[in-house]
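A.B. asks: What follows is a single structure, and I will ask about it in a moment.
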Amino acid sequence: MCIKPNYWPIITCIIIVILLGYGLTQDPRVLPSALEAKPAPKFELTDLFSEKHKISNSIFKEHYTLVNIWASWCTPCRVEHNFLTKLKKVQPKLQWLGINYKDDVEMARTYLSTLGNPYDYAVADEDGTFGMAWGIYGTPETFLIDKKGRVLHRHAGVINEKIWKKEFAQYIR
Amino acid sequence: MIPELGLLSLVIALMFSILSASVPCWPLRYRSDALSIKPWLYAQTAFVLLAYALLTALFITSDFTVLYVAENSSRLLPWYYRMTAVWGAHEGSILLWVTILSLWILVFTARKTVWEGEPKEKMLSVLSFVQAGFLAFIIFTSNPFLRYFESKLPDGQDLNPLLQDPGFLIHPPILYTGYVGFAIAFAVAFVALLTQTFNQQWARALRIWTQVAWAFLTLGIMLGSWWAYRELGWGGFWFWDPVENASFMPWLTGTALLHSLVVSEKRGQFYSWSLLLALITFSLSLLGTFLVRSGVLTSVHAFASDPARGIYILAFLSIIVFTSLSLFAAQSGSFSKPIQFEMVSKETALLSNNLILFVLMSTVLLGTLYPLMMQMLNWGKLSVGAPYFNAIFAPMMAIALALMTFGARASWREDSFKSLCAKVKIEFALALLACILLAVTTSLHSMAFMVGVGLSVLLIASSLWQLKLAGRGFPRILPMVLAHIGVAVTALGIIVNMSLNHEADVAMSLNDVIQIGPYQAKFVDVRNRTESNFDTLTGTFQILDSRGKLITSLEPEKRYYRLRRQLMTDAAIYTTPFRDIYIALGNELSDGRYGVRLYDKPFIRWIWTGCLLMVLGIMVSLYNRSEKHVY
């Protein structure tokens, strides 16, 4: 196929415009997690309510686990908390791990005792090393871990009914 | 009342620009021969300027019932930032774009050119069409005069702290003047293709308009780089950020256009190239405007994303680009001429120059759009950064530097490789000497480094020698010499800086001394202070020479802007011709020490000095031409 060189600029531009048009339909802020479909990074953190007790990856065996990263200083987390409490009631098979991120332990404990504690396991990541290993860049973030300890999905931001149905529900049958 | 007047002004300006755009397109029997659209263009400019002035007035008086003012200003902001906060976010900056386009149109309308009469009316029609498109965009999607009466906040949200810096006062207007100025070249090329008219006289006139726009664009990019260096706290000068690339691409093709027009003016050749480059450069300007505001690419530079605005600009961009490039596809055939030069000649050098710059522009374009393409084809998310761009730019710049040396010395039409080599043999020896000296005095023996430095020195030496050879004819080639030396100086600055810069990231307590470059930095004081709209932690560092004598004191700050609750690093810099010492203050650590970043940046000022030389070259060229009357 022999196209006259005069036509190459316009053809290239048509291709670029199509590409940009596609780009407009995407949300540039959505960033998929690099961990998806990979085993969750190994961790060992202290229980929020009992300093001697340590919690690690071993809890992932035999259960689907919801790992929720939150903080008492995080206002959106407070908004999400209501939904999480409701979700806890309708999802009995799901195990919950709450990671208190870069927070003051006392304030975290007060937060949970006043607002309610949906977490089966609550731990504290005070310096953020857990966050770094899991690729967290803000709160709240939620991971769904399967029975073999692999990351199924990650959502960055507040979870509500719609997002749960769209992104998480499909994994739990 | 004033905001409403502002919006009304814009609407009136839009009406005039629609008139100016459409009337020249009507067949002659529907309009009077004597009807000139010039008064409408003057009116259009006046009303846009009025709207801009009114918005500025709203900022100065801190009228927070206007949403845009409330989001970007505060009563505590110093007056010079209040005046310039007008272009601090999307709505105001696009109004600035339109205002600058109005001013360009004003100058183009008023000036006597070679295109007077029919061609000029058509060109003004094209320019008015662009103007109308942007005015409609502002009125319908980005109105800066929107009111918001429900706010109960006592003050505005303050200008983004990253923008509260002198660089912000000058970089956007100057950059836009360059960016937008290529619209003139676009209009000329469009009409040239439409009426199948282009000759050496047109090329000469077009060259001057392009030179002015290019000079402003060069200056604007340089200011952006300088500002980022001072402002961002870690001394980088270029990040291959999508928005930076968006300004760099028109610069690359603009440079090619300038050179192509030289051949068009002097030899009557390369008409198709010149016209295509003129169309593409402005199209890239529009593409840049799109990328920054549509949310398609994330960038530290980008304005808030809004798909509705993105769709509008993309549609507008498509109309302009498709129309002009289709016209090119259909009509440029009439400009092709038989080749009148040999393999080794100045023409070939300039043709290669066009090709190289085109390839560089395509490289940047590909790198910028690649992440988007990957996503579209579902190949995952990827970011393209410095490693890709540097890998391609380095070898091509080396080729370009060599070409510049030989091309400038080559004869028109016919030359030979042997005679070219003979011409540059002294400079070549000099460059080789410089390389050897460098290899001996510094610890760097990388081939790439030496080749880069050697070629830059070769270009400088060759240009200077050419100046000497020109004797009394030197004013004529002085612009070229200055600009080429400017490129070499910038290249040299980049190469040396990237190879020899040094960073120290340490924890310091008071009275600690650390070696940085050939100096010693002593941490002597740290204190808190409160200013109008920010609180600051200021550290004092004494710079001592190798014998312990005090040279200067540097005071880096860590600022907390209260209204936006934003933390900012304000680095302190000690500048000398051959290096900068750059200090940024970090946080106080748990043991009472402070995190401090010290940088030794050799040759960094050369990068921007080179750009200034390029602009100086243009100024000399315009001065040379100022004796002639019409362009």
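The values are calculated or read from the model by the stated rules, or taken from the named source; none is laboratory data. Not measured: the values here are computed from a predicted model. Cβ: placed from backbone, ideal geometry, glycine included. Neighbour counts: every protein chain shown.
A.B. asks: Please find, within the range B:387-402, the residue that is nearest to the other protein chains (Cβ to nearest Cβ) out of those that are over 17 Å from B:Met249 (Cβ atoms) and not β-branched (Val, Ile, Thr). Let's see the steps before the verdict.
C.D. replies: Within the range B:387-402, the first condition is being over 17 Å from B:Met249 (Cβ atoms), and the residues that meet it are B:387, B:391, B:394-395, B:398-399, B:401-402.
Filter again for not β-branched (Val, Ile, Thr), leaving B:387, B:391, B:394-395, B:398, B:401-402.
Values: B:Pro387: 19, B:Ala391: 23, B:Ala394: 25, B:Pro395: 24, B:Ala398: 27, B:Leu401: 28, B:Ala402: 27 Å.
For the range B:387-402, the residue satisfying everything is B:Pro387.
A.B. asks: Restricting attention to the range B:96-138, and to residues there that are among the hydrophobic types (A, V, I, L, M, F, W, C) and outside any helix (DSSP H, G or I), which single residue is surrounded by the most Cβ atoms within 10 Å (Cβ to Cβ)?
C.D. replies: Initially, the range B:96-138 is screened for residues among the hydrophobic types (A, V, I, L, M, F, W, C), giving B:96-98, B:100-101, B:103-108, B:110, B:114-115, B:123-124, B:126-127, B:129-130, B:132, B:134-138.
If we keep only those that are outside any helix (DSSP H, G or I) too, we end up with B:114-115.
Values: B:Val114: 14, B:Trp115: 24.
Only one residue fits best here, namely B:Trp115.
A.B. asks: While we're looking at this one, here's another question. Could you tell me which residue of the range B:156-190 is farthest from the chain's Cα centre (by Cα), considering only residues that are surrounded by fewer than 17 Cβ atoms within 10 Å (Cβ to Cβ) and in a loop (DSSP other than H, G, I, E, B)?
C.D. replies: B:Gln157
A.B. asks: Could you list, in sequence order, all residues of the range A:75-106 that are under 22 Å from A:Leu152 (Cα atoms) and part of a loop (DSSP other than H, G, I, E, B)?
C.D. replies: Scanning the range A:75-106 gives A:Gln91, A:Pro92, A:Lys93.
A.B. asks: Only one residue in B:Thr405, B:Thr368 is away from chain A (no Cβ under 14 Å), surrounded by 13 or more Cβ atoms within 10 Å (Cβ to Cβ), touching a helix residue (DSSP H, G or I) at 6+ places or on another chain (Cβ under 6 Å) and of a type in the set (Ser, Thr, Tyr). Which one? Step through it out loud before you land on a result.
C.D. replies: Details: B:Thr368 fails: away from chain A (no Cβ under 14 Å).
Exactly one residue qualifies, and that residue is B:Thr405.
A.B. asks: Going through the range B:486-515 one residue at a time, which ones are within 18 Å of B:Gly235 (Cβ to Cβ), of a type in the set (Val, Ile, Thr) and surrounded by 20 or more Cβ atoms within 10 Å (Cβ to Cβ)?
C.D. replies: Across the range B:486-515, the qualifying residues are B:Thr490, B:Ile494, B:Ile495, B:Val496.
A.B. asks: Before we move on, is B:Arg230 farther than 17 Å from B:Met361 by Cβ, within 14 Å of another protein chain (Cβ to nearest Cβ), part of a helix (DSSP H, G or I) and basic (Lys, Arg)?
C.D. replies: It is false that B:Arg230 is farther than 17 Å from B:Met361 by Cβ, within 14 Å of another protein chain (Cβ to nearest Cβ), part of a helix (DSSP H, G or I) and basic (Lys, Arg).
A.B. asks: Can you find a residue in the range B:141-149 that is in a helix (DSSP H, G or I), touching a residue at least 12 places away in the same chain (Cβ under 8 Å) and out of contact with any strand residue (DSSP E or B) (no Cβ under 6 Å at 6 or more places or on another chain)? Quick ask: steps written out before the conclusion?
C.D. replies: Of all residues in the range B:141-149, those in a helix (DSSP H, G or I) come to B:141.
Then drop every residue that is not touching a residue at least 12 places away in the same chain (Cβ under 8 Å), which leaves B:141.
Next, only the ones that are out of contact with any strand residue (DSSP E or B) (no Cβ under 6 Å at 6 or more places or on another chain) stay: B:141.
Yes, because at least one residue in the range B:141-149 is in a helix (DSSP H, G or I), touching a residue at least 12 places away in the same chain (Cβ under 8 Å) and out of contact with any strand residue (DSSP E or B) (no Cβ under 6 Å at 6 or more places or on another chain).
A.B. asks: Here's something else I'd like to know. With the structure loaded, tell me whether B:Arg579 is in contact (Cβ under 8 Å) with a residue 40 or more places away in the chain and of a type outside the set (Val, Ile, Thr) or whether it fails that test.
C.D. replies: Working: in contact (Cβ under 8 Å) with a residue 40 or more places away in the chain: yes; of a type outside the set (Val, Ile, Thr): yes.
Yes, satisfied.
A.B. asks: Among what's in the range B:541-572 and is assigned to a strand (DSSP E or B) and of a type in the set (A, V, I, L, M), pick the residue that is modelled with the lowest pLDDT.
C.D. replies: Residues of the range B:541-572 that are assigned to a strand (DSSP E or B), as a first pass: B:541-544, B:550-554, B:557-561, B:566-570, B:572.
Next cut, of a type in the set (A, V, I, L, M) only: B:543-544, B:550-551, B:554, B:567-568, B:572.
Values: B:Ile543: 92, B:Leu544: 91, B:Leu550: 90, B:Ile551: 90, B:Leu554: 93, B:Leu567: 81, B:Met568: 84, B:Ala572: 92.
That would be B:Leu567.
A.B. asks: State all residues of the range B:200-234 that are surrounded by 23 or more Cβ atoms within 10 Å (Cβ to Cβ), within 30 Å of B:Gln164 (Cβ to Cβ) and more than 14 Å from the chain's Cα centre (by Cα); if no residue qualifies, say none.
C.D. replies: B:Tyr229
A.B. asks: A further question on this structure: For the range B:236-282, which positions are surrounded by fewer than 24 Cβ atoms within 10 Å (Cβ to Cβ), small (Gly, Ala, Ser) and within 14 Å of chain A (Cβ to nearest Cβ)?
C.D. replies: B:Ser272
A.B. asks: Of these, B:Ala192, B:Ala183, B:Ala203, which one is of a type in the set (A, V, I, L, M, F, W, C) and touching an Asp or Glu at 6+ places or on another chain (Cβ under 7 Å)? Walk me through it before giving the result.
C.D. replies: Values: B:Ala192 fails: touching an Asp or Glu at 6+ places or on another chain (Cβ under 7 Å); B:Ala183 fails: touching an Asp or Glu at 6+ places or on another chain (Cβ under 7 Å).
B:Ala203 is the lone residue from the list that is of a type in the set (A, V, I, L, M, F, W, C) and touching an Asp or Glu at 6+ places or on another chain (Cβ under 7 Å).
A.B. asks: Going by what's in this entry, would B:Ser62 be described as modelled with pLDDT of 95 or more and either closer than 17 Å to B:Leu146 by Cβ or crowded, with 21+ Cβ neighbours inside 10 Å (or both)?
C.D. replies: Values: modelled with pLDDT of 95 or more: no; either closer than 17 Å to B:Leu146 by Cβ or crowded, with 21+ Cβ neighbours inside 10 Å (or both): yes.
Spelling it out, it is not the case that B:Ser62 is modelled with pLDDT of 95 or more and either closer than 17 Å to B:Leu146 by Cβ or crowded, with 21+ Cβ neighbours inside 10 Å (or both).
A.B. asks: Answer yes or no as to whether A:Leu35 is within 14 Å of chain B (Cβ to nearest Cβ), within 28 Å of A:Ala169 (Cβ to Cβ) and surrounded by 15 or more Cβ atoms within 10 Å (Cβ to Cβ). Walk me through how you get there before you give the answer.
C.D. replies: Values: within 14 Å of chain B (Cβ to nearest Cβ): yes; within 28 Å of A:Ala169 (Cβ to Cβ): yes; surrounded by 15 or more Cβ atoms within 10 Å (Cβ to Cβ): yes.
Answer is yes for this residue.
A.B. asks: Which numbered condition trips up B:Ser305, out of (1) facing chain A (nearest Cβ under 10 Å); (2) crowded, with 23+ Cβ neighbours inside 10 Å; (3) modelled with pLDDT under 90?
C.D. replies: It fails just one condition, (2).
Okay, residues lined up against (1) within 14 Å of chain B (Cβ to nearest Cβ); (2) outside any helix (DSSP H, G or I):
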| residue | (1), (2) |
| --- | --- |
| A:Asn68 | no, yes |
| A:Trp73 | yes, yes |
| A:Ala108 | no, no |
| A:Thr114 | no, no |
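A.B. asks: Something else about it: Scan the range B:331-362 residue by residue and report those that are within 14 Å of chain A (Cβ to nearest Cβ), small (Gly, Ala, Ser) and either without any contact (Cβ under 8 Å) to a residue 60 or more places away in the chain or touching a Ser or Thr at 6+ places or on another chain (Cβ under 7 Å) (or both).
C.D. replies: Scanning the range B:331-362 gives B:Ser332, B:Gly333, B:Ser336, B:Ser362.
A.B. asks: Follow-up. Assess whether B:Leu613 counts as being assigned to a loop (DSSP other than H, G, I, E, B), in contact (Cβ under 8 Å) with a residue 40 or more places away in the chain and not small (Gly, Ala, Ser). Walk me through it before giving the result.
C.D. replies: Details: assigned to a loop (DSSP other than H, G, I, E, B): no; in contact (Cβ under 8 Å) with a residue 40 or more places away in the chain: yes; not small (Gly, Ala, Ser): yes.
No; evaluated as a whole, the condition is false for this residue.
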